[in-house]
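Undergrad: Below: one structure in structure tokens.
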Amino acid sequence: MAVPGPVRGAALAIGLAVVLVAGVILSALVGQLPVTPAEVIGSILRAAGIQNSWAPHDPIIESTLWVVRFPRIVMGLAVGAALAVAGAVMQAIFGNPLAEPGVVGVSSGAALGAAIGIVLGLSFLGGWSTAVLAFAGGLLATLIVYFVSRANGRTEVVTLLLTGIAVNAFGGAGLALLLFVGNTASREQLIFWQLGSLNGSRWGEVAIVVGVAIVGTIVACLLGRRYDLLALGERSARHLGVNVEALRIGSIVLVALLTGAAVAFCGIIAFVGLVVPHIIRLAIGPSHRPLILASAFGGGALMIFADLGARTIVPGADLPIGMLTSLIGGPFFFWLLFRARRQSGGWA
Amino acid sequence: MTTISVKHVAASLGGTRVLESVSLDVQEGEVLALVGPNGAGKSTLLAVLAGDLRPELGTVTIDGRDIRQLHQLELARLRSVLTQQNAVSFSFLVRQVVEMGRSPWERTPQADGDEAAIEDAMAATDVTGLDARHYTALSGGEKARVSLARVLAQQARTVLLDEPTASLDLRHQEDVMRNARELATAGAAVVVVLHDLSLAGAWADRVARLSEGRLVAQGPAREVLTAERVSEVYGLRVEIIEQQGRPVILPVRGTNSLTLKQ
């Protein structure tokens, strides 16, 4: 530890800010319709009420920015933040750095909930129906994983992963069944859910996810000290004054809410909650308050670049972002597993 | 003064009665050792004292109040507990782990004493030099001492230690017991579960001996740890030698060692 904590923290904050701003600007510029940086800045200034000569004169550019690219960028930031924070919280309550909403099946539970709503045409809550069903599915999956995989206040890697396999298998089978019985229109939507995409984000949906991500991040940060104590094990946390049962239940709801909101509008995007907190932990250590806050920004940044890749790797095609994150996250997860095994001398 | 008091307590684990009609008062200013063979109920009794385990029968009070009426946080300011398992899930620094012991005092006037409490606890347990190391990279004995430092930093009036010497070398065993002694001298009530009867004999003011879930004897070490009593409870012949008026318990090795003197 040659570099003191505050210096590392500041370096990470500056690094994240640069990456984030660069990603946002790049995302606004790149696409089928070329836009200049001046036009992006001008358009934003005009929207803020400042008239300027940089603002685009072409209404097509203006609408491309405000109807297509900006909502997609903000959605990416919010979804990335929500998933990364959900991952960090999940790892805290499972006491295991391999817990992640996608890996253990919370995302597929949420996707199944959303899919049921779509195929059966449930709209009891209007525009919120899908989000609420995704939340319910995610909550159910989290509760199952949590209560099945824990023993003596901790979760072993093997148990966690086996439970994840079971929940993911069930969620996948449920989606397949719905795919089978659904009509063509709902089938297309379901495939979108399985692969994940930020394509077609609308401001109304963006607002919901942004709201959930911000509130979720704040709540998680406020609970950060308690998550630190939970790292000592459940009994010791209780001896230090933590109401462990309340913390657990509250956190499970929080994870389901964050994951549900992200999945409801963008489908399953796995491994963000695994990769981001892990890298942040390596940079600034495991203390949860800074970890959760930095994970929110790191998740947003990762998502922006993943989406940029999804839009540009194959010219003229919009790749599913969930597929991309899994392509990167899969090997990363494998490496983590390998390391965990080497360090503990087994799959414990 | 009595801090924790249990009266006629019975408790079960997984449907099996492991404590039966135990009554015990924990006093300020003394080190109380809980001894007994494996499975005698020592750790269970400690869990009852800590408020972790609700007894089926009997009452537990701490500073005169029913332990069930207290919130976790209030309890954390009254007693600290060192458990046998001291794993930490993420690679926190040693210093951060000890700091966690101060968390019950967050946003109280006592929080001003955080720094001093942490420094003192780390010095007392000989871990000051480890402060910038990662907890997960420590040896078993170092982890045990850091965990003890965390418990000391909590500065509770009642300190419960479950086999604090189990993974320690000879010198650190003595250090831990000296820490316990110093805490008691400073006015705290200290309860220690011990397997090493000689340690109990050397450092405890009072020894409580458990056998098959019952508290069969309590009193000064010399009265409780007699050769006859110990041989009977452990099913092993022992002899007692005295060192500075304190009993040292040694198994009688060689022929007939497993034959009990009836």
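Undergrad: Test residue B:182 against the criterion of being loosely packed, with under 15 Cβ neighbours inside 10 Å and part of a helix (DSSP H, G or I), and give yes or no.
TA: On the way: loosely packed, with under 15 Cβ neighbours inside 10 Å: yes; part of a helix (DSSP H, G or I): yes.
Answer is yes for this residue.
Undergrad: Among the residues of region A:239-268, which ones are open to solvent by 20 Å² or more (accessible area, probe 1.4 Å) and either free of Cβ contacts under 8 Å to residues at least 40 places away in the same chain or assigned to a helix (DSSP H, G or I) (or both)? Steps first, answer last, please.
TA: Quick first cut of region A:239-268, residues open to solvent by 20 Å² or more (accessible area, probe 1.4 Å) only: A:243, A:245-246, A:248-250, A:253, A:257, A:265, A:268.
Listed by number, the residues that qualify are A:243, A:245, A:246, A:248, A:249, A:250, A:253, A:257, A:265.
Undergrad: All but one of (1) at pLDDT 90 or above; (2) in contact with a Phe, Trp or Tyr (Cβ under 9 Å, 6 or more places away or on another chain); (3) within 14 Å of chain B (Cβ to nearest Cβ) hold for residue A:257; which doesn't?
TA: (3)
Undergrad: Residue by residue through region A:288-306, note down the ones that are over 16 Å from residue A:319 (Cα atoms) and open to solvent by less than 20 Å² (accessible area, probe 1.4 Å).
TA: A:288, A:291, A:292, A:294, A:295, A:296, A:298, A:299, A:300, A:301
Undergrad: Which of the residues belonging to region B:10-31 are crowded, with 18+ Cβ neighbours inside 10 Å and in contact with an Asp or Glu (Cβ under 7 Å, 6 or more places away or on another chain)?
TA: Answer for region B:10-31, where residues must be crowded, with 18+ Cβ neighbours inside 10 Å and in contact with an Asp or Glu (Cβ under 7 Å, 6 or more places away or on another chain): B:11, B:31.
Undergrad: Next question. Could you please find all residues in region B:54-89 being of a type in the set (A, V, I, L, M), touching a strand residue (DSSP E or B) at 6+ places or on another chain (Cβ under 6 Å) and more than 8 Å from every other protein chain (Cβ to nearest Cβ)?
TA: Of everything in region B:54-89, those that are of a type in the set (A, V, I, L, M), touching a strand residue (DSSP E or B) at 6+ places or on another chain (Cβ under 6 Å) and more than 8 Å from every other protein chain (Cβ to nearest Cβ) turn out to be B:57, B:60, B:62, B:67, B:78, B:82.
Undergrad: For region B:65-73, state whether one or more residues are closer than 30 Å to residue B:138 by Cβ and either open to solvent by less than 60 Å² (accessible area, probe 1.4 Å) or not hydroxyl-bearing (Ser, Thr, Tyr) (or both).
TA: There is at least one residue in region B:65-73 that is closer than 30 Å to residue B:138 by Cβ and either open to solvent by less than 60 Å² (accessible area, probe 1.4 Å) or not hydroxyl-bearing (Ser, Thr, Tyr) (or both).
Undergrad: Scan region A:85-107 residue by residue and report those that are open to solvent by 10 Å² or more (accessible area, probe 1.4 Å) and either away from chain B (no Cβ under 14 Å) or modelled with pLDDT of 90 or more (or both).
TA: The answer is A:102, A:103.
Undergrad: Can you name the number of the only condition in (1) within 22 Å of the chain's Cα centre (by Cα); (2) part of a loop (DSSP other than H, G, I, E, B); (3) of a type in the set (A, V, I, L, M, F, W, C) that residue A:122 fails?
TA: (1)
Undergrad: Criterion first (in contact with a Leu (Cβ under 6 Å, 6 or more places away or on another chain) and crowded, with 16+ Cβ neighbours inside 10 Å) does residue A:55 satisfy it?
TA: On the way: in contact with a Leu (Cβ under 6 Å, 6 or more places away or on another chain): no; crowded, with 16+ Cβ neighbours inside 10 Å: yes.
Here the answer is no, as residue A:55 does not meet what is asked.
Undergrad: Go through (1) among the acidic types (Asp, Glu); (2) within 19 Å of residue B:187 (Cβ to Cβ); (3) within 12 Å of chain A (Cβ to nearest Cβ) one by one and return the number of the condition residue B:120 breaks.
TA: That leaves (3) as the condition not met.
Undergrad: Tell me, which residue of region B:90-106 that is in a helix (DSSP H, G or I) and more than 7 Å from chain A (Cβ to nearest Cβ) is most open to solvent (accessible area, probe 1.4 Å)?
TA: So the residue we want is B:99.
The values are calculated or read from the model by the stated rules, or taken from the named source; none is laboratory data. Quick caveat: nothing in here was measured; it's all calculated off a predicted structure. Reconstructed Cβ throughout: ideal geometry from the backbone, glycine too, with neighbour counts over all protein chains shown. Note: accessible area is taken over every heavy atom of the protein model, side chains too, but ligands, DNA and RNA are not part of it. Shrake-Rupley method; radii C 1.70, N 1.55, O 1.52, S 1.80 Å.
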